[in-house]
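The structure under discussion appears below in the form of structure tokens.
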Amino acid sequence: MINHAWLIPVFPALAFPIIIFLTRRVRPLSALVGIAAIGASFVMAVGVLREVLLNGVTMAHPVEYASTWLGIPGLLKIEAGVLIDPLAAVMLLVVTLVALLVEIYSVGYMHGDPGFSTFFGYLSLFSASMLGLVLANNYFMIFFFWELVGLCSYLLIGFYYHKQSAARAGLKAFVTNRVADFGFMLGFFFLFAIFGTFNFRELAAAIPSYQNTGFLALAAALVFIGPIGKSAQFPLHVWLPDAMEGPTPVSALIHAATMVAAGVYLLARAFVLFASLPGIMLLVAYVGGFTALFAATIAITQRDIKRILAYSTISQLGYMVMAMGIGSMTAGMFHLMTHAFFKALLFLGAGSVIHALEEQDIFRMGGLYKDMKVTVSTFVIAALALAGVPPLAGFWSKDEILAGAFDHGFTGLYIIGTLVAFLTAFYMFRLIFVAFFGDRRAGLHAHESPLTMTVPLVILAVLSVVSGFVGAPFVSHGFSSFVYYGEPHHIEPNYGVMLLSTIVALAGIGLAWLLYGRPSDVPARLAERYRSIYKLLVNKYYIDEVYLWLFHRVGLGLAEAFNWHDRHVVDGVFDGVGDVTRLSGHKLRLLQTGNLQTYALVIFTAVVIIALWMAAPVLGGVIQ
Amino acid sequence: MANWHLLTVEILTAALGLGLLALGLLVPHSDRRGIAYVATAGLAGILAVAIGMREASGVVLGGYVIDPFGTYFKILFLVAAMLTAVCSYDYVEKMGLNQAEYYALLILATLGMMILASSGELVSLYTGLELMTITFCILAAYHLGDAKSAEAGIKYLLLGAMSSAIFLYGLSLVYGSSGTTVIREIGQQVATRGASPALLLGTIFILAGFAFKVTAVPFHMWSPDVYEGAPTPVTGFLSVASKAAAFAALVRVFFGALPDLHNFWVQLFIALAVLTIVLGNLVAIPQTNIKRLLAYSSIAQAGYLLLGIVSFSVLGVGAVAYYAMLYVFGNMGAFMAATAFYNNDGSDEIKDYAGLARRSPLVAALMLFSLLSLAGIPPMAGFVGKFYLFMSIISRQYIWLAILGILMSMVSVYYYLLVAKAMYLGNPPEGSKPLQVAPGLQVAMVVSLLILFILGIYPTPLTNYAMNSAVTFFMP
Amino acid sequence: MITLNHYLAVGGLLFCIGLFGALAKRNAIAVLMGIELMLNAVNINLVAFNHFLAPDQVTGQIFAIFVIVVAAAEVAVGLALVLNIYRRRLDSNIDDLDWLKW
Amino acid sequence: MLDVSALLFWLLAAITIAAALAVVLLKNIVHSALYLVLTFAGVAGIYILLQAEFLAAVQLLIYAGAVAILIVFAVMLTRRGDIKASNLYNFNYLAAGVVSLALLVIIILGNGRMAWTAAPAPAPASNVAAIANAFLGRYAIPFEVAAVLLLVAMVGAILLARGGKPER
């Protein structure tokens, strides 16, 4: 199966033209082609994983095969190749599985949309590109697909192109990502300039013995700009919240589970490069940690369900990047995997709600649990997993990152991570209490979504529960002896960290319940009837007020500051660069007067200047 | 005199062009459409012959070089001419006159380019260049009902004549300082006699002439005006083929006759490339007319091609050859879309493209993907081409130049996307109808769209061919 | 003794006079005249080089004949264009040809 | 001491340059055109000094004959307003003068520093025969191209001069 792994991206790649050119008019057929293709890829991915497990393919002994794609003898060889190691095998499984479920879900979600077929076409193209990215055995190929997934993301964000905001969001995503890709490209060009190859394994063999670490660090820093853009790290994260303008299944697949994780995957692929440069590792770790905290604080203030999830995604991606930075590639990839499942679930659940209500503001929802039992219960499971409540998936992966930070002595990052865990639990359950519980708002007619949508939810919910166990410290030969850097190792359970993170998660949930969970008119009625108990309630409310004050003055203030910074400084810089470029274009344009003799004068002036500049020294005193 | 057969392609082209002129006198006006088909079919036939001769090599009459490098470019010209011919059917009919002469001139311009690309001798190089230039003047002014077209014609003629005067002065100095006009012999003379003041001056003047033809800044100023005024298919042809021909001749002259002076002229090319890339991309941003936008974009593209010259290596020449070929499809694709739009709406303003995607998905897609290819975004062919060009200068340690080039191609995405935004996100004007595109043009559009993708995803055959032709150029 | 350089100097002078005419005159026909002067200057160069440096072959003279032919073709097309524009705008001044700009 | 050929050279050079200056300096375009003919004739004289008699003949026939007459015709056809002020300078003539002068200095200095290397070979006995051989021999290809070029120019000139009348 491994020898045919190159077929995995080919299936959806074929589905794209078939859907666009052949089955466009017949919608069910389009969906069928798309799902069948990704289904085939999924089966292949399972087969590959099985063989990797059975045949002793390890990180140190991967399977690689390639043929030359572009070649210039003696100077340059670019391969189209496949590199299968446990890292790729896991990633293949995650991508195909989530993509398959999302496509099935989309049958229900996109039902009746005029762009139904096109949507499946784009999804197939995206899946093909993403799978190609995962299989790539060299920087050039990964960049090729990296750009392609960016293009698909752009197409899908702007899917509702008649909406002005969607159009703008698509453009923003595209431009921001081009900036990042520019850095990435320069970075691996520098690597090529140093080592003369793009191949990951050849580079991995050459990098540790390379002496000129200054130049290497520059290359690594440039490569890191790629993940900063694609995985929406500060300060290039601005595109991701806006990207929520796309259809919700797209948000689930591309902007939560897979594409945005490509940056983390790249860090894992290029881990040798980063691991040999402690300074860059520290930079990676702190960019990740800061992004995690920063995005989590913003998530607290959001009202739009998809925006909460978007900031949550940025925050969790920061977590993964931080894990990479502290040297724990295993933990980062583990969290990538579990996060893919529960975050996809959260988005699909949100989509189910949006589908039912056509409403995205959580404060205009409420009481949905009565009508949408499957959606709400799976959503809660996912939220618990994200919050890190044991024994769900998120607990194990997050705990491993925190334990890693703690064990390696990154106390600051450990504190940040724990704080983020608390905030995460809080904002997720704020969302749940406000949107799903409490009173039903008037005028809302919720209904459960069709089976095509709920079945994927249930499957993802199961995965959100169980997928953490493969990496739990109590499992021998778990995830850490499978995907690793250096030597396979076994994570020792750190009970102190576990306990603290559990407490923090529960505290976050509890605080959310205190602030948003209680039916708000009950205290009022009680206060009317029993004035003596009212004091107690007031006292209790007083505690709330403290919390609230703390939050509003400190927490929310911070969040607002971040938010303002985000809107004005970061966006402003991007706009400013654009303005300068555009204005210089306007000024330079005026040189073009339309008079042909002026043009001729410019030409001959140029000739004279060139002659004076170039010829004078060579002629040796012609013009002295 | 036994190797006349090497000239088959040129002779057939001349015969086709002259035959069409004669045919135009014989065929009644009502049947003139047939001439367009004859022209296209004839070009296709010659293309097949040229492809069959791609490995041929030899020297005719001591000064005319047939080699894979030249034949590669001839194939390029023929492809471009075919696309232009297909693109012109409706447009020329709309202009309303002299169809036979139009196609004949198109083909004779192609002949001029072929001579230019294959000349191993300065006299035939000059005549080829002038055949191309003068024919283009007439074609640029061909839209007789439009004053802008005449203005484009006279601008191109006068500026072209001035630039070719200085070019010619340079040729005379090179002839004087080497005593011969055969490029190979000049190379030998320069190697033995070394640099001299007149030779260096001649080099500068020749460079100015080529810089004019390839629209390098600051010799570029004619091009936006001429591109805007000329009939759209002619603009496409001019921007693609004449530029490629000038590059082929430039490579022959500078790499063949003046390689010993490369330390001297490479610096000039670096300066030109930097100016061209920066200015072309920046001034493209505020443009509102699609043809002017494409003019500035094609100035910028010329800057990228100059990078291949700067690298002064086999890789650089191969990269120029490859990029020129895919540039044919990228740029002609954009011009085909612009022509189709003009045929329907009579406008070249970008704002009128609003909502084009809903009026004609094919035209919009062709425009979008052509522009993406020009911007160098994978998986479009332009990506591979730019990659080769940047690689060629990186291998010569001009890393800063590569960075500048990549940075400016990021900028280019901005203005390309402005067009895409109008087409995909704007609303079509009230009462607008779907675009009517002739079947022939539709086929050409689909073909060039496919080729843009194929060359991006599986470029190896063409890159190998381009590299091989570059290698034979260096080792005849 | 009249040397090659004397002829080249005449050529250079003629070239630059022609260039000045081409750059500085308003009338399109005058610009064409300037260009003709430039081409004649080149021909003086070519023939002089031929005469002084490589008299065994007639390359320079041949080249000059081709230049004359090309110049004639250029003049023909150029004057036709001038006539065309004149009929439309009643003007053959280049200053006024600025519909295409920016 | 001046020999005859030197005297002739100086004379022809002076006439040619003076006539060329008149072409660009005069304000009446008809006068300019006439001085252009004189310049062409002067150049033809220089060709004779350089033993290029055939070329001198070609120069007289094509330039002084055909081209100059074409120009005079065009001048007449586009005449409008005051002929005495028909050939004025444009607004950037000063810059044009500076650039032309600079180029002149560069060219003269560049050529002046050359040590030209001559090939030690005698001139062919008959220019005309040698030229004919070259045209039909080594330069057959540019010769044919030039023929095509003239045809193109003819077709183009007719098309463009006839103007925008659609054919019936």
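The values are calculated or read from the model by the stated rules, or taken from the named source; none is laboratory data. All values reported here derive from a predicted model rather than from experimental measurement. So basically every Cβ, Gly included, is an ideal-geometry build from the backbone, and we count neighbours across all protein chains shown. Please note that ligands, DNA and RNA were not included when accessible areas were found on the heavy atoms of the full protein model with its side chains. Shrake-Rupley method; radii C 1.70, N 1.55, O 1.52, S 1.80 Å.
Structure summary
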read-out: Listed peptides A:286-299, C:3-16 by packing density, highest first (mean Cβ within 10 Å); value: A:286-299, C:3-16
read-out: Solvent-accessible area buried by B and A, counting both chains, probe 1.4 angstrom, square angstrom; value: 5600
read-out: Residue-averaged beta-carbon neighbours from other chains (10 angstrom radius) around B:286-293; value: 3
read-out: List D:Trp10, A:Trp239, ordered by accessible area with a 1.4 Å probe, largest first; value: D:Trp10, A:Trp239
read-out: The range B:375-470 - percent relative contact order, Cα under 8 Å, separation 6 or more; value: 46
read-out: Counted charge near B:Ala195, where neighbours are those whose Cβ lies closer than 13 Å (Asp, Glu -1; Lys, Arg +1); value: +1
read-out: Residues in the range B:304-325 that a label on B:Phe474 would reach, taking backbone N under 14 Å of a point 7 Å out along Cα→Cβ; value: B:308-321
read-out: Stretch in chain B that is longest and holds no GluC sites (Glu not before Pro) that DSSP places in a loop and that have at most 14 other beta carbons within 10 Å; value: B:56-429
read-out: Interface residues in the range B:208-229 - accessible area drops by 10 Å² or more relative to the isolated chain, probe 1.4 Å; value: B:Ala208, B:Phe212, B:Pro218, B:Phe219, B:Met221, B:Asp225, B:Glu228
read-out: Protein heavy-atom accessible area occluded, C/B pair - total, 1.4 Å probe, Å²; value: 3500
read-out: Gap separating the Cα centres of the range D:146-162 and the range B:1-61, nearest whole Å; value: 20
read-out: Area hidden from solvent between D and B (accessible, protein heavy atoms only, 1.4 Å, total, Å²); value: 3000
read-out: Mean-position separation - Cα centroids, the range A:359-380 and the range D:12-83, in angstrom; value: 93
read-out: DSSP-loop trypsin sites (Lys or Arg not before Pro) across the range A:281-364, with at most 16 other Cβ within 10 angstrom; value: A:Arg303
read-out: Efficiency of FRET between A:Arg201 and B:Val49 - r from beta-carbon atoms, R0 41 angstrom, step 0.05; value: 0.30
read-out: Computed label-point distance, nm, for sites B:Lys94 and D:Leu136 using a 7 Å Cα→Cβ extension; value: 5.1
read-out: Computed helical MRE - 222 nm, the protein assembly as shown, DSSP H runs ≥ 4 contributing -39500 (n - 2.57), nearest 500; value: -24000 deg cm²/dmol
read-out: Positions from the range A:126-165 whose accessible area shrinks by 40 Å² or more when the full protein complex is built, not the chain alone, probe 1.4 Å; value: A:Phe140, A:Phe144, A:Leu151, A:Tyr161
read-out: Surrounding net charge for D:Ala146, when Lys and Arg each add one and Asp and Glu each subtract one, Cβ distance under 13 Å; value: -3
read-out: The range A:175-231: chymotrypsin sites (Phe, Trp or Tyr not before Pro) in DSSP loop, at most 16 other beta carbons within 10 Å; value: A:Tyr210
read-out: Distance (nanometres) between label positions extended 7 Å along Cα→Cβ at D:Ala57 and A:Glu358; value: 9.3
read-out: Per residue solvent-accessible surface (Å²) - the protein assembly as shown, probe of 1.4 Å; value: 33
read-out: Shielding score for B:3-15, defined as the mean number of other chain Cβ atoms within 10 Å; value: 1
read-out: Accessible carbon and sulfur surface of the protein assembly as shown relative to its total accessible area, %, 1.4 Å; value: 67
read-out: Subset of A:Lys306/A:Lys343; B:Lys243/B:Lys421; B:Lys148/B:Lys433; B:Lys213/B:Lys351 violating a 19 Å alpha-carbon distance limit; value: B:Lys243/B:Lys421; B:Lys148/B:Lys433; B:Lys213/B:Lys351
read-out: Cα centroid separation - the range A:1-62 against the range D:103-139, whole Å; value: 71
read-out: Within 10 Å of each Cβ in B:189-198, the average number of Cβ atoms from other chains; value: 4
read-out: Tilt relative to chain B, helix B:68-95 - C-alpha long axis, 0 to 90 degrees, to 10; value: 30
read-out: With Cα atoms, 0 to 90° folded angle of helix B:399-425 axis to chain B main axis; value: 20
read-out: Net charge contributed by nearby residues that have their C-beta within less than 15 Å of B:Ser88 (K/R +1, D/E -1); value: 0
